[in-house]
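Laboratory data are not the source of any read-out in this text; all were calculated from the coordinates shown. These figures come from a predicted structure and were not determined experimentally. Using ideal geometry, Cβ is built from the backbone for each residue, glycine included, and neighbour counts are taken over all protein chains shown.
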Amino acid sequence: MDAKLFAQAMMKFLGGLLAVGLLLFLPAGTLSYPQGWILMAILFIPMFIAGLIMMKRSPELLRKRLEAREEQSEQKTVIALSGIMFLASFIVAGLNFRFGWIPLPRWVSWAAAAMFLAAYALYGEVLRENVWLSRTIGVQENQRVIDTGLYGIVRHPMYMSTLLLFLSMPLVLGSVLSFGIMLAYIPLIAKRIRNEEKVLEEGLEGYAEYKKRVRYKVIPFVW
């Protein structure tokens, strides 16, 4: 095992764990926020397991994802706005629990948790199908068009899975107000996709033809 890679991955993991915990439980004013613990569990336990699997089977892919930095200014803007969206959504969810603004039934949290885990599994399948999948936009060396499996249904199955993940999180937290905030992800991801497809058409052979074969970007028969 690569000790340096393991340490780097654990620092990222623990940093994310601490950040999300603070964003949820400080606004809630208590650690007795059941929906917050549900989200922490379904978010970080599969993430930890997936990280261990990637470290064993594909350490280079894990390293690439940990060290990725977006270079295009347009995408840096999308990432910054996405960060603001997450901050606002988590803080409002904690405040919603604290002050009881618009409580949702507990079954909504469990149903959303099931959707979240299904989306996590979908994301794992996307990683398996596309070895060139990256957190940043660009064309890699020897990259080719993937048009089988999920990529034969929609052109961006990764964004399909993240859309489900992000929209389920505020419902897990029991906050319809946070769900409204998280809807901002739709125009943000639409902007990212436009830029990504432009880059891929210009730099990846066969991508223009692939767009003609696979009509839908994110959601079959809808988008």
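What to note about this one:
- Whole-Å distance, taken between Cα centres, linking the stretch 33-68 and the stretch 172-223: 23
- Spread of Cα-to-Cα distances over 5 Å intervals beginning at zero, given as percent, for the stretch 3-213: 1, 7, 13, 17, 19, 17, 13, 8, 4, 2, 0
- Placing pseudo-labels 7 Å out from each Cα toward the beta carbon at ILE45 and ALA121 gives an inter-label distance of 1.5 nm.
- By the beta-carbon count within 10 Å of each Cβ, the least crowded to most crowded order of LYS212, LYS56, fewest first, is LYS212, LYS56.
- Potential extension, ALA7-TRP101 segment - 0.36 nm per residue separation minus Cα distance: 29.7 nm
- Rounded to 0.05, the FRET efficiency of the ILE53 and VAL131 pair, given R0 = 22 Å and the Cβ-Cβ distance, is 0.90.
- Angle between the chain longest axis and helix 3-28 axis [Cα atoms, degrees, rounded to 10]: 40
- You can think of it this way: the chain between LEU14 and GLU202 has 63.8 nm of extra reach, that is 0.36 nm per residue less the Cα-Cα gap.
- A Förster distance of 22 Å, applied to the separation of the beta-carbon atoms of ALA88 and LEU31, puts the FRET efficiency at 0.50.
- Overall shape of the stretch 101-219 was characterised from the C-alpha gyration tensor. The equivalent ellipsoid obtained from it has semi-axes of 31, 15, 11 Å, in decreasing order.
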